[in-house]
Amino acid sequence: MSLYLFYLYFIIKKMGCKSKYIEVAITLPVFNTYTYKTDGELKSAACVGKRVLVPFGKRIVTGYIIGQGRDATRDGIKFILDILDRIPLFPGSMVPFFKWIANYYIYPVGEVIQHALPGGLNLYDSTLITITKKGEGCLEKDFITPVENMILGILAKGPHLYKELAKKINFEMSAFLVSKMENKGYISREKVIKGGRTGAKFERYIRLTKHPAMPQGEREHRGRKLSSIRKKIIDILTDKTELPLKELKKIVQFSPSTIKLMERDMQVEVFKKKIYRDPFGEEIEPDTNFTLTDEQEKAVSTVLNFKKSYAPFLLAGVTGSGKTEVYARLAADALENDLSVIILVPEIALISQTAKKFRSRFNNNVAVLHSGLSLGEKYDQWLRIASGRVNLVIGARSAVFAPLNNLGLIIVDEEHDTSFKQNDGLCYNARDLAVVRAKQNDCVVLLGSATPSIQSYYNAATNKYSRLSITKRVEQRSLPEISIIDLRANKNARGVDRFITQRLYDEMKKTLARKEQVLLFLNQRGFASHPVCAACGESLKCCHCSITLTFHKQTHGYNCHYCGFSCSDDVHCPICGSKSIKLLGLGTEKIESAVNALFPEAKVERMDHDTTAKKGSVLKILKGLKNRTTDVLIGTQMVAKGHDFSNITLVGVICADLSLNFPDFRACERTFQLIAQVAGRAGRGDTPGKVILQTYNPDHFSIIAAKNQDYAAFYEQEIELRKALNYPPFSRIIQLRISGKEEEKTKKHAFFVGTLCNNLKKEASFLKYVEVLGPIEAPVYMIAKKYRWQIMLKGLSIKSLQQFMRQLLVKNRSIFYTKNVKVTIDVDPFFMM
């Protein structure tokens, strides 16, 4: 493959026709873009949005065409090697969007585009190492070193990529060692092209030829008839025209040789056909529009007055107020005017619910994009969008990159949700990018929530956004009645009574007796969140993270919810060796076990990360609620987001305080939002709902505001606290996360970066505008064997902070791209742990 590419490069250089220059963004951590030449057939095929294979230094990498080349007069401009796409993967209108993201989040533009596209597409070169005959002869000989013998022993089993070989050796394999072994003739190295795991799916089909011939034997013996199997195959294909080969095998049993003989006799032909991988599955019945309430009608008409121009709106509508119907009406108007629509929702479970509703209105003019799709499904959905076959895209945060042209509307449902923030790699916020993309495309962006983020509500209060309100539920349904239970009065209770109080038990009993459904919320999965040694009192901690393990009864083991480490339930205390482990703390598994014991006849389901990891499991759980085969649903924050089930009339919040004690200035905001959202699942049908809110902090303002369902009261108190402490939205933050496997090296690197920051801060342009906080150990000091430090850059202007970071990068680029310590830049961070 590599020889072919270098041959192609040589031929292109020799061609005499005039070149076309293109601007290419490379999928490497480089901030510049580069000019390349195209020629011959590649010249006519080159256009913005296509991937190209290009030489870059000594490497061959994937790049993206993002425009015309800017430096056509310079000597030494290289030719591209190949164009990898038939149609563009993104429209030219998205290039300014990608460049804005790269500039704002201080991230290489090529890697921004790579992050936006479906995974598994890109090609890259890699080093393949093979043992030579001389190397085979040197195995186990006295004159080679033990290290060389180990490497040759691994290669004797087959060629290995450099990275694969390095992983199998317990120490760092230096480039010098590999070069030394190559010079001795023990091994050989060659460049090979790898990657490209995702692409179109093809399936083998079979059909009759235009003029099916009789078999050879029949021409020789006219009295001979077709075999029964051949006759059956021909009869089936006569009716079906063409059929997947695997489907034909289900109808009639035949051997591969039968088909080969029928092909030889020109009776059938087997061919490959491109297959569309449909992520939806079941058919959806058509839906009709509902009659809008006065508040819904006002919201729709207000937004429609601003169509075809940039207009940001915040729709603050109480739970159950019909925000989704507002979205549907606005989407319908956009589609009728040949405009495209993006709808972002925070959870895959909500995507299924939202997609079902919109498919019932807009048939097949709907595509979905989210991480629950296989790479192939996501690729097919992407191509449907990029080719213009669909105009409405529903998805999680990555759907903000949907390659739509002629955008008319972007909707962000549950805009407050932290799931819209990516916390590694490109640390973007999809909600903020939705606003940016709307501005660049002169279209409407609508942010909707019953509990808006402080940032968005502040933007509305300062007239950056227009605020729309829906204060009443549809069909004049009342908001649920919320009662607070003080868990401090329950401190002497034992067993299940500690977390399911008498009041909650009584209400559950009444609800189930009426054949209605109950939802119990606890934002902690597992059975016991704090296992401790009964002998010495030491917590059972993860050996890779500075975090307590959680006991999971279903798997009979202890799990770390940060790195995935697990161990069996017969573990010993690492301090004293005792096997007596006390299972303290709560989790959804323990609640499930208790409810099953209290209500043995009730059908209980659990919805958390453990029960929804398998594909299709979320839909199965939600179907149980819809069909009313589930009586009690127990879940984490997954159950708090936008689900609409009319028969849930009781919500129990097991402990409302779990998020209040996080070392994060947004802790109160998240607590209020979670409680208010999960409470909003109750009473969405004809029967009024009730909420039992159990807490150790009944007097906390976020708990009281949630009980009274009074967002305005919560906002007024929270915004004053933020202002007094100069936290966002009154300031801006960039977080530097420093992590590495060696504790001392990571610490030194963190302090070195801190020193560079403090030195740069002394410059006149930054002295008054940038505050450097840290370095300090992260609240969770170690995750997955990596020690973690943080530095916060705080200021009134994001531009000053970005300018500060760029100067830091330009002057000290090497400190951000070291081999042993990683430095991540997170603009507007959410994850403070």
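The values are calculated or read from the model by the stated rules, or taken from the named source; none is laboratory data. Keep in mind the model is a prediction, meaning the values are calculated, not measured. Here the Cβ positions follow ideal geometry from the backbone for every residue, glycine too, while neighbour counts run over all protein chains shown. Ligands, DNA and RNA are excluded from the accessible area calculation, which covers all protein heavy atoms including side chains. Shrake-Rupley method; radii C 1.70, N 1.55, O 1.52, S 1.80 Å.
When you count, for each residue, the other Cβ atoms within 10 Å and take the mean per peptide, how do 653-666, 308-321 rank with the highest first? Working shown, then result.
Numbers: 653-666: 18.1, 308-321: 20.5.
Packing proxy ranking, top to bottom: 308-321, 653-666.
Cα-Cα over 24 Å: which of Lys421/Lys641; Lys37/Lys811; Lys240/Lys620? Walk me through the numbers before you get to the answer.
On the way: Lys421/Lys641 16 Å; Lys37/Lys811 31 Å; Lys240/Lys620 34 Å.
With Cα atoms farther than 24 Å apart: Lys37/Lys811; Lys240/Lys620.
Please report the spacing between the Cα centers of segment 349-393 and segment 423-458 in Å, no decimals. A separation of 21 Å, based on Cα centres. In this Cβ point-charge picture (+1 for Lys and Arg, -1 for Asp and Glu), segment 535-622 has a dipole of about 140 debye about its Cα centre. Summing +1 for each Lys or Arg and -1 for each Asp or Glu among the other residues whose beta-carbon sits under 9 angstrom from that of Leu314 gives 0.
For segment 31-73, applying the loop criterion from DSSP together with a ceiling of 13 other beta carbons within 10 Å to the chymotrypsin sites (Phe, Trp or Tyr not before Pro) yields no site. The Cα center of segment 603-678 and the Cα center of segment 19-81 differ in position by 49 Å.
Name the residue farthest towards the positive end of the dipole of the chain from the options Tyr696, Pro256, Gly49, assuming +1 on Cβ of Lys and Arg, -1 on Cβ of Asp and Glu, about the Cα centre. Ranked along the dipole, the leading option is Pro256.
Split the chain at each of the GluC sites (Glu not before Pro) in a DSSP loop with at most 10 other beta carbon atoms within 10 Å, and the longest piece is 284-600.
Net length available on complete extension from Glu182 to Ser765 is 204.6 nm, with 0.36 nm assigned per residue and the Cα-Cα distance removed. Applying both filters, DSSP loop and at most 11 other Cβ atoms within 10 Å, to the chymotrypsin sites (Phe, Trp or Tyr not before Pro) of segment 83-159 gives Phe143. Find which of Val604, Asn758, Cys655 sits farthest along the positive direction of the dipole of the chain, computed with +1 on the beta-carbon of Lys and Arg, -1 on that of Asp and Glu, about the Cα centre. Ranked along the dipole, the leading option is Asn758.
Label-to-label distance for Val192 and Thr629 is 4.8 nm, based on points extended 7 Å past Cα in the beta-carbon direction. Placing unit charges on the Cβ atoms only, positive for Lys and Arg and negative for Asp and Glu, gives the chain a dipole magnitude near 2560 debye about its Cα centre. Is the shape of segment 527-593 rounded, prolate or oblate, going by the alpha carbon gyration tensor and its root eigenvalues a ≥ b ≥ c, with a/c under 1.5 for rounded and a/b larger than b/c for prolate? Judged from the Cα gyration tensor, segment 527-593 comes out oblate (a/c at least 1.5, b/c at or above a/b).
In a DSSP loop and with at most 14 other Cβ atoms within 10 Å, the trypsin sites (Lys or Arg not before Pro) in segment 674-772 are Lys741, Lys762, Lys768.
Per residue, how many Å² of accessible area does the chain show with a 1.4 Å probe? Intermediate results must be reported in sequence, preceding the final value.
Numbers: 39680 Å² over 833 residues.
Ligands and nucleic acids excluded, the figure is 48 Å² per residue.
Summing charges over all other residues whose Cβ lies under 10 Å from the Cβ of Lys510, with Lys and Arg as +1 and Asp and Glu as -1, gives 0. Of the residues Thr588, Cys576, Gln517, the one whose Cα sits farthest towards the positive end of the charge dipole of segment 483-641 is Gln517 (charges of +1 on Lys and Arg Cβ, -1 on Asp and Glu Cβ, taken about the Cα centre).
A simple rule links phi to the HN-Hα coupling: the Karplus curve 6.51 cos²θ - 1.76 cosθ + 1.60 with θ = phi - 60°, which for segment 25-38 gives 9, 8, 7, 9, x, 10, 8, 8, 10, 9, 9, 10, 9, 10 Hz, with x for Gly and Pro. Heavy-atom accessible area for Thr27, with the other protein chains in place and a 1.4 Å probe, reaches approximately 20 Å². Over all other residues within a Cβ to Cβ distance under 12 Å of Ser546, the charged ones net out to +2, with Lys and Arg as +1 and Asp and Glu as -1.
Take every DSSP beta bridge with both residues inside the chain and express the antiparallel ones as a percent of the total, to the nearest 5.
Within the chain, antiparallel bridges account for around 60 percent of the total.
Here the scattering of segment 135-192 is modelled by Debye summation over its C-alpha atoms, one equal scatterer each and no solvent; at q = 0.12, 0.30 Å⁻¹ the log10 of I(q)/I(0) is -0.24, -1.71.
Taking segment 677-707 and a reference point 7 angstrom along Cα→Cβ of Ala493, the backbone N atoms nearer than 13 Å belong to 692-696. Phi angles across segment 242-251 convert, under the Karplus curve 6.51 cos²θ - 1.76 cosθ + 1.60 with θ = phi - 60°, into 3J(HN,Hα) values of 9, 8, x, 4, 5, 6, 4, 5, 6, 8 Hz, Gly and Pro given as x. This model, with +1 at the C-beta of Lys and Arg and -1 at the C-beta of Asp and Glu, gives segment 680-833 a dipole about its Cα centre of some 880 debye. Using a cut-off of under 17 Å, list every residue of segment 812-833 whose amide N is near the label point 7 Å from the Cα of Ser174 along the Cα-to-beta-carbon line. Flagged as within label range: 819-820. Note on Lys590: lysines with a C-alpha under 17 Å away, same-chain residues under 8 apart excluded, are Lys553, Lys582, Lys603.
Annotation: amide H of Tyr781 within the under-5 Å range of Ser546, sequence separation 5 or more or interchain, hydrogens built in the peptide plane. Just from its helices, what would the mean residue ellipticity at 222 nm be for the chain, if runs of 4 or more DSSP H residues each count -39500 (n - 2.57) and the sum is divided by every residue, rounded to the nearest 500 deg cm²/dmol? It comes out at -10000 deg cm²/dmol, rounded to the nearest 500. The slack in the chain from Glu475 to Lys78, taken as 0.36 nm per residue of separation less the alpha-carbon distance, amounts to 136.3 nm.
Please work out the FRET efficiency for the pair Ala166 and Phe143, using the Cβ-Cβ distance as r and a Förster radius of 30 Å; give the result to the nearest 0.05. Don't jump to the answer; show the numbers that get you there.
On the way: r = 24 Å, r/R0 = 0.82.
Efficiency, rounded to the nearest 0.05: 0.75.
I'm spelling it out carefully: the read-out is Cα extents along the principal axes in Å, the candidates are (1) 89, 81, 66; (2) 133, 74, 60; (3) 107, 88, 53, and one was derived from this structure. Which label? Structure-derived value, by its label: (1). When the accessible area of the chain is computed with all protein chains present and a 1.4 Å probe, what percentage of it is carbon and sulfur? The C+S portion of the solvent-accessible surface of the chain is 51 percent.
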